[in-house]
Amino acid sequence: MARYRYLHLDVFTDRALSGNQLAVFPDARGIDDARMQAIALEMAFSETTFVLPAITPDTDVCMRIFTLRRELPIAGHPTVGTTFALAGEGIIAPGRDRFVFGLGVGPTPVSLQWQDDALAFAWMSQPLPTFGQVFSDVAAVAAALQLAPADISATAMPVQQGSAGVPVLFVPLASRRAVDAAELDPARIRAVYAAQGADPSAVFVFSTEPGDDGATVFSRMFAPMFGIAEDAATGSASGPLGCYLLRHGAVSAAAARNMISAQGVKMGRPSRIHIDIASGDDGAVQQVRVGGQAVQVAEGTLTL
């Protein structure tokens, strides 16, 4: 029987029992693809990561990311969380300022900030996002979220797909109350995608209504097609979200360098995702970074 050690972290938070849960297998040698997927289902977190030796010389390690149902080419909370896990293991040496993961989208650098010998913050660089179809049937989208059409503020920003490797549908809502009230109907959202002629993707709802938490946006994310009813923190959607807010005038270029998405609040797993979008004088996005903290809360061994 094989024994595989794993670490359990809470990500995009500095407090245990909040943020988004993650299982990290820091040495996944000998685990094949099918077993990785089965282990991810067994762990039952939104994502599980498996760290392997680097495949290319421009990376430090290879990392595989699995949801309960499929592998992903990129994801934010797994990358930030695994960075903290590897720092805690000493695999990332204290004081190092850069570490590069080999992901399905290619080399993905992470910038590191330390306090003494402990990792304090990690910034993940993401590919520049692309933006696709605008969903014009706002009433159908609202019905799929079990909201009224007036709850969607599509006059200010469109209902639109964006992607930095994993497509997501951005749905701007008029209030934080509407964000909390949203409940995705999987059958209805599949019908919306079919009518649009678009492939199903995760649905990310958010509001720019100010709150006393100081967040730029208040958000939730639903991904039933990945086996995730709701995600407490979605880093891979947060980079495109920041670019979406900038391109539609919801934030200025200066404000886009320091944004926070408050996610997971309705779930009782509050997360704070930092977003940094750098653009040039012509307004074109030049760099996308998503950052945060993580805390290890447990470790264990699978015997299979």
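Every read-out reported here was derived from the displayed coordinates using simple, explicitly stated rules and does not represent laboratory data. Values in this document were obtained by computation on a predicted structure and should not be read as measured data. Glycine also receives a Cβ, built like all others from the backbone with ideal geometry; neighbour counts cover every protein chain displayed.
Key figures
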{"item": "Over the range 145-304, relative contact order from alpha-carbon pairs under 8 Å, at least 6 apart, %", "result": "17 percent"}
{"item": "Size of charge dipole - the chain - debye, nearest 20, with Cβ of Lys, Arg +1 and Asp, Glu -1, no other charges", "result": "300 debye"}
{"item": "Computed [θ] at 222 nm, deg cm²/dmol, the chain (DSSP H ≥ 4; -39,500 (n - 2.57); rounded to nearest 500)", "result": "-6000 deg cm²/dmol"}
{"item": "Net charge contributed by nearby residues that have their C-beta within less than 14 Å of Ala139 (K/R +1, D/E -1)", "result": "-2"}
{"item": "Cα-centred dipole magnitude for the range 130-288, charges only on beta-carbon of K, R (+1) and D, E (-1), debye, nearest 20", "result": "140 debye"}
{"item": "Ser175, Ser261, Ser238 arranged by Cβ crowding within 10 Å, fewest neighbours leading", "result": "Ser175, Ser261, Ser238"}
{"item": "Mean separation of Cα contacts under 8 Å, 6 or more apart, over the residue count of the range 1-143: relative contact order %", "result": "17 percent"}
{"item": "Peptides 249-258, 103-112 ordered by average Cβ neighbours within 10 Å, highest first", "result": "103-112, 249-258"}
{"item": "Among (i) 20.2; (ii) 19.4; (iii) 24.1, the entry that matches Kirkwood radius over Cα pairs in Å as calculated here", "result": "(ii)"}
{"item": "Dipole of the chain, positive direction: furthest Cα of Ala28, Ala118, Ile228, with charges on the beta-carbon", "result": "Ile228"}
{"item": "Burial ordering of Thr208, Thr83, Thr234, fewest other beta-carbon atoms within 10 Å first", "result": "Thr208, Thr83, Thr234"}
{"item": "Alpha-carbon centroids, the range 208-232 and the range 136-160: separation in whole Å", "result": "16 Å"}
{"item": "Charge-dipole axis of the range 130-288 as Lys and Arg at +1 and Asp and Glu at -1 on Cβ define it, positive-most pick from Ala215, Ser136, Thr155", "result": "Ala215"}
{"item": "Per-residue Cβ neighbour rank within 10 angstrom, fewest leading, Met259, Met124", "result": "Met259, Met124"}
